[in-house]
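Below is one structure, written out as structure tokens, with a few remarks after it.
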Amino acid sequence: MSHGIKDKVIVITGASSGLGECTARHLSALGATLVLGARRADRLHTLVADLEKQGGKAVAVTTDVTQKVQVEALVKTAVDTYGRVDVLLNNAGLMQQSMLGSLKTDEWDNMIDVNIKGTLYGIAAVLPYMKAQKSGHIINVSSVAGHKVTPAGAVYCATKHAVRAISEGLRSEVKEWNLRTTTISPGAVATELTDHITEKEIGAGIRDFYKHHAVGPDSFARIVEFALNQPAEVDINEILYRPTSQQL
Ligand code: NDP
């Protein structure tokens, strides 16, 4: 049993699929208490039932991270139900690759709202509690796209660069409250992420790349475990990882 994780109250956004769901299962098996947010309530309830069947403790809160009050309610559920919030995994995200010239401005708005504003709303919701506790750990999810910019990726890459900038700013501001901050930047991981690309050819190309190179979401869950499991005085700030076969 992991002492850095057992009985920690961990809020995960985007817990209904992919990295969030896999990490919820992984942390639950290590004894964490989970508060799970996403829009697809049916998926969250199935997940909670699964975790409980295996002896885990978890609660589902239907949450759209673009709505500040819903993110506040997610975190308040953690505090009201379990008395505290130890970790926020700010994971909800959306990737809709297209060339800027295609003028998919609604998709630009979606990515900015979910990836940037959603991340900020998560930070805003936990900070007052974590400052009062003088303990806490915020994990933000960037990407290789937060380190590189690719054609058709301008807006997604911009949002993931923003996540890294926000995380570094946060890191430098929360020392006096003893808070830890981690940014995890994955390469290609097999999830539903590529399902939301509406440009036919670009989507097909990216999905083909993922088919040949993507690794499983357990890769991410193990990294979250590593960051959480460090002694309190050690703050893992950034982890960038890729499938071994990924060149970009
Ligand atoms: P998935 O599409 O499988 O999961 C995305 C999650 O985000 C879902 O649970 C979805 O839940 C949630 N989400 C999307 N929009 C909202 C919203 N408005 N409010 C609340 N939740 C929302 O993809 P991944 O698991 O791969 O994505 C997780 C994170 O990892 C994202 O931030 C992504 O950018 C990042 N990432 C992923 C990589 C990959 O290759 N898979 C690589 C690098 C980074 P619901 O639809 O139910 O609301």
Would a scan of the stretch 33-48 turn up a residue that is more than 13 Å from the ligand (Cβ to nearest atom), free of Cβ contacts under 8 Å to residues at least 40 places away in the same chain and surrounded by fewer than 19 Cβ atoms within 10 Å (Cβ to Cβ)?
-> no
Taking into account only those residues within the stretch 159-173 that are surrounded by fewer than 21 Cβ atoms within 10 Å (Cβ to Cβ) and in contact with a helix residue (DSSP H, G or I) (Cβ under 8 Å, 6 or more places away or on another chain), which is nearest to Val234 (Cα to Cα)?
-> Leu170
For the stretch 78-95, how many residues are within 18 Å of the chain's Cα centre (by Cα) and either more than 8 Å from the ligand (Cβ to nearest atom) or not aliphatic (A, V, I, L, M) (or both)?
-> 9
Test Glu52 against the criterion of being in contact with a Pro (Cβ under 8 Å, 6 or more places away or on another chain) and either β-branched (Val, Ile, Thr) or modelled with pLDDT of 95 or more (or both), and give yes or no.
-> no
For residues in the stretch 174-195 being assigned to a helix (DSSP H, G or I) and within 7 Å of the ligand (Cβ to nearest atom), which is surrounded by the most Cβ atoms within 10 Å (Cβ to Cβ)?
-> Leu193
Here the qualifying pairs (Cβ atoms under 7 Å; residues six or more apart or on different chains; first in the stretch 150-164 and free of Cβ contacts under 8 Å to residues at least 24 places away in the same chain; second aliphatic (A, V, I, L, M) and surrounded by fewer than 22 Cβ atoms within 10 Å (Cβ to Cβ)) come out as Cys157/Val149
Does Asn140 satisfy being within 16 Å of the ligand (Cβ to nearest atom) and crowded, with 23+ Cβ neighbours inside 10 Å?
-> yes
Entirely in the stretch 48-134, the helices (runs of 4 or more DSSP H) that have 2 or more residues that are among the aliphatic types (A, V, I, L, M) and touching a strand residue (DSSP E or B) at 6+ places or on another chain (Cβ under 9 Å) | 68-82, 118-133
When you look at Phe226, is it surrounded by fewer than 18 Cβ atoms within 10 Å (Cβ to Cβ), assigned to a helix (DSSP H, G or I) and within 12 Å of the ligand (Cβ to nearest atom), yes or no?
-> no
Looking only at the stretch 149-167, decide whether some residue is in a loop (DSSP other than H, G, I, E, B), at pLDDT 95 or above and either of a type in the set (Asp, Glu) or within 11 Å of the ligand (Cβ to nearest atom) (or both).
-> no
Exactly one of (1) closer than 25 Å to Ala214 by Cβ; (2) assigned to a loop (DSSP other than H, G, I, E, B) is unmet by Gly31. Its number?
-> (1)
Flag if Leu100 is crowded, with 18+ Cβ neighbours inside 10 Å and not acidic (Asp, Glu) = no
Has the stretch 34-45 got any residue that is part of a loop (DSSP other than H, G, I, E, B) and not β-branched (Val, Ile, Thr)?
-> yes
Could you pull out the residue among Val224, Val189 that is touching a Pro at 6+ places or on another chain (Cβ under 6 Å) and of a type outside the set (Ser, Thr, Tyr)?
-> Val189
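The values are calculated or read from the model by the stated rules, or taken from the named source; none is laboratory data. If you're wondering where the values come from, they're calculated on a predicted model, not measured in any experiment. Don't worry about glycine lacking a Cβ; one is built from the backbone with ideal geometry, like all the others, and counts go over all protein chains shown.
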